[in-house]
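Enquirer: Before I ask anything, here is the structure I am working with.
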Amino acid sequence: MGFEGVLFYFFSAVLVTAAVAVITLRNPVHAALFLVVAFVAMAAHWIMLEAEFLGILLVLVYVGAVMVLFLFVVMMLDINISRLREGFVTLLPIGLVVAVGMMLVMAKVVGSSAFQVASPERAAADYSNTRALGELLYTEYVLAFEVAAVILLVAIIAAIVLTLRRRPDTKYVDPSEQVKVRREDRVRLVKMQAEKKQDRS
């Protein structure tokens, strides 16, 4: 086993450990931070597979933007951690059943003949995986790309709605009332006689 194999098993161990910590930790902030670690380990796998664009994109978009937004939402919602701890024990059997079912499905899919492929050949030096990804994304998978965009838009709107709170001590302005304002209601013209300069001589 060469150096590349050592890196693969190292990042795989980090990824599995971080993923287990995400679903077992009761503090949502700590779980989100371990999810960042899992994303970084997954990005290392992408880079080892010569998909540098996907690896960098995973770090920039998910770690740099989505996880920061998620942390802000978690902190602004003021989640009651004690209530989460109460529900963790009661829902543990259901979670174990779902986890075992997902593991069986994943084992069935990965063990199928579609995943039994030979090791891929090294790409040429002038090969651009960014261009190849763009051609596939906007031609063959354009429908899935649009659906993912709509789902992300709904998630953003849901995050805004969840953090929107009415505070009685805050003044709100109705935009419809602002539009109806006329000049006569705000400006008053006053006519004044011009002052004459007095002759002091």
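Read-outs: derived from the displayed coordinates by stated rules, not from any lab. Remember, it's a predicted structure, so these values are computed and weren't measured experimentally. All Cβ positions, even for glycine, are placed from backbone atoms using ideal geometry, and neighbour counts span all protein chains on display.
Enquirer: Would you kindly derive the ³J(HN,Hα) couplings of segment 37-46 from the backbone phi angles with the Karplus curve 6.51 cos²θ - 1.76 cosθ + 1.60 (θ = phi - 60°), listing them in order in whole Hz, with x for Gly and Pro?
Expert: For segment 37-46, the Karplus curve yields 4, 5, 5, 5, 5, 5, 5, 5, 5, 4 Hz.
Enquirer: If you take the beta carbon distance between R131 and L152 as r and set R0 to 30 Å, what does 1/(1 + (r/R0)^6) give as a FRET efficiency, to the nearest 0.05?
Expert: On the way: r = 24 Å, r/R0 = 0.79.
The calculated FRET efficiency here is 0.80.
Enquirer: Less than 14 Å Cβ to Cβ from R186, Lys/Arg counted +1 and Asp/Glu -1: what total charge do the surrounding residues give?
Expert: Details: positive: K180, R182, R183, R188; negative: E177, E184, D185.
Summing Lys and Arg as +1 and Asp and Glu as -1 gives +1.
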